[in-house]
Structures are given as C-alpha cells and as structure tokens.
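Quick note: the coordinates plus some simple rules give every number you see, no bench work behind them. Keep in mind the model is a prediction, meaning the values are calculated, not measured. Ideal geometry is used to build each Cβ from the backbone, glycine not excepted, and the neighbour counts take in all protein chains shown.
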Amino acid sequence: MIEGKNIILRTIREDDLDKIIQLTSDFSERGAFWHFRLPSQTAFYKRFNETGLWDDQYGTMLITDRNERLVGEITYFQGVSYLPGYEIGYQIYKKEDMGKGYTTEALRIFSSYLFELKPIERLEVVVNINNIGSRIVAEKCGYKFEGIKRNAVFQGGAYQDLELLSLLRGESPSLSEVMNL
C-alpha cells in the first residue's frame with residue numbers, strides 16, 4: 001500500500017472483485033472516453049486467480065480515498081512488445097469523484113513507483129485527442145506530448161485520434177520526493 005496526501009494506492013484483494021466488476025460495468029458512470037467493452041466476470045476472476053492482477057507485464061492498483069473507498073484504478077501494461085517501458089491507463093469509477101485530483105496524485109505516485117520498481121527508461125500515457133482533462137493530468141505529472149496516433153481507436157461509432165505523452169526516468173521525481181509532497 002502506498003499512501004499519498006489524499007489517496008491510497010494498493011493492489012487488488014479478492015474481496016474487491018465483485019465491487020470492481022460492478023463499478024466498471026456501470027455505463028451511466030463511465031466518462032465519455034472510457035472503452036465500451038463490458039468486463040467479463042469469468043475472465044476477470046481467472047486473471048486475478050492466476051496473477052493477482054500484478055505481474056511483469058501488467059499490473060493494476062486501486063485508487064482509494066483516505067477512508068479506503070474505491071474511487072478508481074491505475075494500470076501499467078506493455079503496449080508494444082518490442083519497445084521497453086510501459087503504457088499507463090487510469091480511470092475514475094464515478095462522476096462524483098472526477099475532477100478532485102485523485103488521478104493526478106495517483107499518476108504521479110504510480111509513475112515514480114514504477115521507475116523505482118522496474119529497469120525501464122520511459123512510461124507512456126495515450127489519451128483521446130478530445131480528452132483534455134486526461135491530457136492535463138498527464139502534463140501536471142511531467143508527461144510530455146510526443147505526437148498524434150491518427151485514427152488509432154474505434155470509439156463511439158467512429159475512429160478517433162489519440163495523443164501520445166511520455167515521461168522519461170530522468171524527468172520523474174523519486175518516490176521519496178513524491179511522497180514528501
């Protein structure tokens with residue numbers, strides 16, 4: 001468990017699984033830019049039982065508030081197998097928790113943690129070109145805009161452009177620096 005000023009990041013426990021499925025399946029709460037696939041409960045439980053949703057290629061931590069109420073999740077995964085580093089994805093589960101700084105604090109801590117944990121040089125965040133809030137979160141955490149991935153994702157009935165932002169090891173504060181903020 002990693003405690004920040006306003007959030008706690010922790011790995012997923014078995015007793016979280018049903019609540020996560022419920023939260024990630026509620027289309028009325030999803031933001032406009034989250035994918036439309038509904039999670040498979042069977043596949044989710046299987047992956048949890050095999051890896052605990054944390055291994056060398058993929059890992060998810062829950063974002064909770066200081067009272068340990070689930071507010072979202074943050075994940076790292078190997079985007080392209082032949083490139084070193086990881087892509088990071090994040091989501092806040094309920095609209096009422098958006099815009100409160102949870103994601104910014106989580107991304108800042110999670111990025112520093114991954115650089116301390118893994119021998120990688122870079123992290124990437126890919127956001128829908130219209131998702132200004134997500135781009136602002138990444139930029140607040142030191143991620144730099146690199147370019148556009150044109151028509152990279154099919155969402156909302158149309159192909160959408162994505163923006164690629166990255167953070168290099170030398171640009172990231174250490175975990176101890178982030179924890180002292």
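For the reader, a short list of remarks on this structure follows.
- For the chain, the equivalent ellipsoid derived from the Cα gyration tensor has semi-axes of 22, 21, 17 Å, listed largest first.
- Cα gyration tensor, region 1-87 - rounded (a/c under 1.5), prolate or oblate: rounded
- Taking the chain as a Gaussian network of alpha-carbon nodes connected by springs under 10 Å, the highest mean-square fluctuation of the residues I132, I20, I63 belongs to I132.
- Protection proxy ranking, highest mean first, for peptides 133-145, 42-54: 133-145, 42-54, where packing is the per-residue count of other beta-carbon atoms within 10 Å, averaged.
- Flagged links, alpha-carbon separation over 19 Å, of K46/K94; K5/K100; K94/K144: K46/K94; K94/K144
- Taking packing as the residue-averaged number of other Cβ atoms within 10 angstrom, the listed peptides 80-87, 113-120 run from highest to lowest as 113-120, 80-87.
- Nearest-0.05 FRET efficiency for N67 and E177, computed from C-beta distance (R0 30 Å): 0.70
- Linear extension gain, K100 paired with Y58, 0.36 nm per residue minus alpha-carbon span: 12.5 nm
- Think of it as helices only: each DSSP H run of n ≥ 4 in the chain is worth -39500 (n - 2.57), and spread over all residues that comes to -8000 deg cm²/dmol at 222 nm.
- For the chain, hydrophobic long helices are taken as DSSP H runs at least 18 Å long by C-alpha position along their axis with mean Kyte-Doolittle hydropathy of 0.0 or more; these are 102-117.
- Here the chain carries DSSP beta bridges of which approximately 90% are antiparallel, counting only pairs with both residues inside.
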